[in-house]
Amino acid sequence: MTIETTELRNTLGKFATGVCVVTTEGPNGPIGMTINSFSSLSLEPALLLWSIQKNSECFAPFNAAKGYAISVLTEEQMEISNKYAQRGSHLLDAEEFTQGKTGQFILKQAVATFECSVWARYEGGDHIILVGEVEAFSASNDHDPILFYSGGYRTLAEQV
């Protein structure tokens, strides 16, 4: 059976996700890239996973990284999401981040942050799956998260 990748991507887009920026140290300073999905893998030990495409311009720094941070973006951070999703726009702006408890780079005003040390890497087709052990985390109730669904941003209109 042949899978039509555009159709598959559109169908996968029917799963609503949060929007995050994952960060690490790059060759010229801290870098970030927008991702729309990560997953909790285990509570003991505390493990998170996400994946990066092997042909991403951010692949080499993340593949070599000893750690990374994931910052869950707020509704007000749509512009930040757009910026770090663009090719050639991955160096973090100093006014947008701070260093967390473990020294990882976290975005200011994020809904939640997770600072991780790399626990394992796995081959996953055209991606590498990075599993990180959570060393520090934080959460804020000051803002609602931004969501991504069917190719566009969404917000929490109503909580049930």
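Annotations for the structure displayed:
- Descending semi-axes in Å of region 104-160, equivalent ellipsoid built from Cα gyration tensor: 26, 19, 9
- Cleavage-rule hits (trypsin sites (Lys or Arg not before Pro)) in region 68-160: DSSP loop, at most 10 neighbouring Cβ within 10 angstrom: Arg87
- At the listed q of 0.13, 0.16, 0.18, 0.20 Å⁻¹, the Debye profile of region 19-154, built from one uniform point per Cα, gives log10 I(q)/I(0) equal to -0.49, -0.77, -1.00, -1.26.
- Using 0.36 nm per residue and subtracting the Cα-Cα separation, the extra length available between Glu123 and Ser37 on full extension is 29.2 nm.
- Qualifying GluC sites (Glu not before Pro) in region 4-55, DSSP loop, other Cβ atoms within 10 Å at most 11: Glu4
- Residues of region 22-44 with amide N under 15 Å of the 7 Å Cα→Cβ point at Thr102: 22-25, 39-44
- q = 0.14, 0.18, 0.21, 0.24 Å⁻¹, region 53-112: log10 I(q)/I(0) [Debye, one scatterer per Cα]: -0.43, -0.72, -0.97, -1.21
- Estimated distance in nm for a label pair at Arg9 and Ser89, the labels positioned 7 Å out from Cα along Cα-to-Cβ: 1.8
- Nearby lysines by direct alpha-carbon distance to Lys83 (threshold 24 angstrom, same-chain neighbours under 8 apart not counted): Lys14, Lys54, Lys108
- Close amide H partners of Ile146, meaning residues 5 or more places away or on another chain with modelled amide H under 5 Å apart, are Val19, Leu73, Thr74, Glu75.
- Theoretical ellipticity at 222 nm over the chain - DSSP helices of four or more residues, -39500 (n - 2.57) apiece, nearest 500: -3500 deg cm²/dmol
- Scoring 145-153, 47-55 by mean Cβ neighbours within 10 Å over their residues and listing the highest first yields 47-55, 145-153.
- Applying a DSSP loop filter and a limit of 11 other Cβ atoms within 10 Å to the GluC sites (Glu not before Pro) in region 66-160 leaves Glu158.
All of the numbers you see were taken from the coordinates with simple rules; none came from a lab. These numbers come from a predicted model, not from an experiment. Cβ coordinates were reconstructed from backbone atoms using ideal geometry, including for glycine residues, and neighbour counts include every protein chain displayed.
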